[in-house]
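Working notes, beginning with the structure itself.
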Amino acid sequence: MSDFTFPSSETPRGLAVLGATGSIGTQTLEVVRLFPDRFDVRALTCDGNVELLAEQVREFRPEMVAVGAQERADEFRTLLPNVDVEVSVGQDGLCAAATRSDVDVVMAAVVGFAGLVPVLEALRAENTVALANKETMVVGGTLVNDVLDHHDAHLLPVDSEHSAIFQCLAGESERTVENLILTASGGPFRTRDANTFDDITVEEALDHPNWSMGAKITIDSATMMNKGLEVIEAQRLFDVDVEQIQVLVHPQSIVHSMVAFADGAVKAELGVPDMKVPIQYALSYPARWPAPHERLDWAELTRLDFERPDTGKFPCLRLAYDALDAGGTAPAILNAANEAAVGLFLNEQISFLGIPRLIEQTLGRMSVVESPALDDLVAADEEARRRVEERAAAPSN
Ligand code: NDP
Ligand code: MG
């Protein structure tokens with residue numbers, strides 16, 4: 001990630017928010033509300049929640065919106081019959097929003113594999129991408145890095161751990177980095193007896209102790225797949241060896257991540273767990289804008305705990321390391337199997353332990369394509385999803 005400057009602070013930044021109706025999307029718009037003169041919202045997208053999208057359009061007056069399907073577009077039109085806004089559909093719509101020439105920054109906050117192509121297209125159009133959608137780097141990190149190498153485009157991390165590392169690296173030479181230390185809350189089941197994991201309900205898994213997030217990432221946090229995806233994301237973003245990435249469980253989520261340097265010094269970024277802070281940093285970079293986000297009360301902070309993750313209890317973390325090690329399409333298979341398995345768990349079709357089981361089976365049965373092109377990633381994604389669905393439907397499961 002190279003240094004660069006945005007247009008001068010007087011020029012409002014043209015903004016596209018992909019996934020505007022989600023947890024990151026709505027918090028992005030909260031940041032925009034704090035700085036109404038510094039942003040022009042040009043494009044907003046959602047999948048199906050057109051009611052909320054219509055409210056956002058009334059408030060932010062973008063030039064265009066994109067929605068998941070034609071019926072949703074028709075529904076959106078009936079909600080706002082007299083508002084002059086272009087409506088696009090599907091992946092083409094997301095890409096149209098991401099590549100607009102009046103957009104400076106694209107907040108990539110779609111969940112899952114669906115976010116990959118719009119991010120690649122945004123970068124090819126030389127728009128800056130603020131990346132929340134970690135699955136993009138997991139599945140297509142090598143393609144993203146290739147586009148970054150050949151275009152005058154920039155990628156800024158939004159995921160809190162990666163934003164913390166990015167902030168710790170400011171002003172440092174890459175050569176002096178010894179380790180990246182990713183912190184993990186450990187999720188709601190850190191202290192729960194592993195013998196009861198098969199009884200975990202959807203409601204219990206959705207009850208994250210520190211962060212309020214979309215359903216998919218909340219389940220990923222409960223299985224610790226989220227940390228596994230973040231290890232892969234960090235490797236792709238910061239170009240370090242996997243051995244240099246360490247995961248530490250830190251239940252308070254105050255230390256958002258750390259960088260250890262060659263001279264023994266360690267830098268950390270700390271704060272109240274609030275995604276608006278890394279969202280704002282990505283949108284204001286390289287500046288820091290004064291904002292009223294909640295402050296840490298240091299005197300109330302009696303302790304910060306750290307422990308090694310338990311990969312026996314949380315096998316998803318180990319599976320992610322295995323996929324990173326295998327390379328090629330393996331992270332795409334891991335990601336797709338996980339997305340499919342999490343979907344089945346949320347629909348109460350498989351148990352909590354079914355998630356790592358189905359991912360491991362899928363990874364074990366599919367061959368890996370080395371140096372994949374986009375078509376290979378799409379094919380691996382489709383096949384992994386299909387295998388998970390079939391396996392889950394099989395009588396033995
Ligand atoms: P949400 O589920 O809350 O929101 C997802 C957004 O994407 C919604 O606007 C949704 O539209 C839209 N969307 C869903 N599926 C599709 C699709 N197939 N095509 C187009 N749009 C789609 O997710 P989060 O905001 O929690 O997460 C977004 C991304 O950010 C994820 O990759 C997550 O891992 C990452 N992230 C999230 C954090 C958080 O605190 N939430 C923290 C760090 C990273 P609709 O509302 O209409 O369904
Ligand atoms: Mg994170």
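The values are calculated or read from the model by the stated rules, or taken from the named source; none is laboratory data. This is a predicted model, so every value here is computed, not measured. When we count neighbours, we look across all protein chains shown, and the Cβ atoms used for this are built from the backbone with ideal geometry, even at glycine. Just the protein is used for accessible areas: all its heavy atoms, side chains included, with ligands, DNA and RNA removed. Shrake-Rupley method; radii C 1.70, N 1.55, O 1.52, S 1.80 Å.
As for the range 81-100, it holds at least one residue that is of a type outside the set (A, V, I, L, M, F, W, C), surrounded by fewer than 22 Cβ atoms within 10 Å (Cβ to Cβ), touching a Lys or Arg at 6+ places or on another chain (Cβ under 7 Å) and touching a residue at least 60 places away in the same chain (Cβ under 8 Å).
Considering only the range 133-147, how many residues are in contact (Cβ under 8 Å) with a residue 60 or more places away in the chain and open to solvent by 20 Å² or more (accessible area, probe 1.4 Å)?
3
Restricting to the range 144-153, and then to whatever is assigned to a helix (DSSP H, G or I) and among the charged types (D, E, K, R), can you tell me which residue is farthest from ligand 1 (Cβ to nearest atom)? Only one residue fits best here, namely Asp149.
Only residues that are more than 11 Å from Glu51 (Cβ to Cβ), in a loop (DSSP other than H, G, I, E, B) and over 29 Å from the mean Cα position of the chain (by Cα) were counted in the range 73-88, giving 4. Taking every residue in the range 296-312 that is within 19 Å of Leu270 (Cα to Cα) and pairing it with any residue that is outside any loop (DSSP other than H, G, I, E, B) and open to solvent by less than 90 Å² (accessible area, probe 1.4 Å), at least 6 positions away or on another chain, the pairs with Cβ-Cβ distances below 6 Å are Phe306/Leu248; Glu307/Val249.
Of the residues in the range 237-257, not one is more than 20 Å from Asn226 (Cα to Cα) and open to solvent by less than 20 Å² (accessible area, probe 1.4 Å). Residues of the range 167-190 that are open to solvent by 30 Å² or more (accessible area, probe 1.4 Å) and among the hydrophobic types (A, V, I, L, M, F, W, C): Leu169, Ala170. Only a single item in (1) over 20 Å from the mean Cα position of the chain (by Cα); (2) within 13 Å of ligand 1 (Cβ to nearest atom) is not met by Arg192, and it is number (2). Restricting Ala260, Ala291, Ala234 to those that are touching a residue at least 24 places away in the same chain (Cβ under 8 Å), in a helix (DSSP H, G or I) and open to solvent by less than 30 Å² (accessible area, probe 1.4 Å) reduces the list to Ala234. Checked against the criterion of being aliphatic (A, V, I, L, M), under 23 Å from Leu29 (Cβ atoms) and within 13 Å of ligand 1 (Cβ to nearest atom), the range 131-143 contains one or more residues that satisfy it. I'd like to know if the range 112-119 contains one or more residues that are free of Cβ contacts under 8 Å to residues at least 40 places away in the same chain, in a helix (DSSP H, G or I), touching a Ser or Thr at 6+ places or on another chain (Cβ under 8 Å) and on the phi < 0 side of the Ramachandran plot. Yes - at least one qualifying residue is present in the range 112-119. Evaluate the range 45-62: report whether one residue or more is open to solvent by less than 10 Å² (accessible area, probe 1.4 Å), in contact with a Gly (Cβ under 6 Å, 6 or more places away or on another chain) and within 14 Å of Leu15 (Cα to Cα). There is no residue in the range 45-62 that is open to solvent by less than 10 Å² (accessible area, probe 1.4 Å), in contact with a Gly (Cβ under 6 Å, 6 or more places away or on another chain) and within 14 Å of Leu15 (Cα to Cα).
When only residues in the range 263-288 that are in a strand (DSSP E or B) and charged (D, E, K, R) count, which is least open to solvent (accessible area, probe 1.4 Å)?
Applying the filter and picking the extreme gives Glu269.
One residue alone among Val31, Val41, Val67, Val87 is within 11 Å of ligand 1 (Cβ to nearest atom) and among the aliphatic types (A, V, I, L, M), and that residue is Val67.
Filtering the range 329-347 for residues that are assigned to a helix (DSSP H, G or I), open to solvent by 60 Å² or more (accessible area, probe 1.4 Å) and of a type in the set (A, V, I, L, M) leaves an empty set.
Let's see how each residue does on (1) under 21 Å from Tyr285 (Cβ atoms); (2) modelled with pLDDT of 95 or more; (3) touching a His at 6+ places or on another chain (Cβ under 8 Å); (4) of a type outside the set (D, E, K, R):
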{"site": "Ala66", "(1), (2), (3), (4)": "no, yes, no, yes"}
{"site": "Gln70", "(1), (2), (3), (4)": "no, yes, no, yes"}
{"site": "Glu75", "(1), (2), (3), (4)": "no, yes, no, no"}
{"site": "Gln91", "(1), (2), (3), (4)": "no, yes, no, yes"}
{"site": "Val103", "(1), (2), (3), (4)": "yes, yes, no, yes"}
{"site": "Ala114", "(1), (2), (3), (4)": "no, yes, no, yes"}
{"site": "Pro118", "(1), (2), (3), (4)": "yes, yes, no, yes"}
{"site": "Glu121", "(1), (2), (3), (4)": "no, yes, no, no"}
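Flag set for Ser163, criterion: of a type in the set (Ser, Thr, Tyr), in contact (Cβ under 8 Å) with a residue 40 or more places away in the chain, open to solvent by less than 10 Å² (accessible area, probe 1.4 Å) and within 16 Å of ligand 1 (Cβ to nearest atom). Among the residues of the range 27-39, is there at least one that is under 25 Å from Asp381 (Cα atoms) and not in a loop (DSSP other than H, G, I, E, B)? Within the range 27-39, none of the residues are under 25 Å from Asp381 (Cα atoms) and not in a loop (DSSP other than H, G, I, E, B).
Residues in the range 348-397 that are closer than 17 Å to Phe197 by Cα, assigned to a loop (DSSP other than H, G, I, E, B) and either open to solvent by less than 50 Å² (accessible area, probe 1.4 Å) or polar (S, T, N, Q) (or both): Gln349, Ile350, Ser351, Phe352, Asn397.
Taken over the range 89-111, the criterion of being more than 16 Å from ligand 2 (Cβ to nearest atom), in a loop (DSSP other than H, G, I, E, B) and of a type in the set (Gly, Ala, Ser) is satisfied by Ser101 alone.
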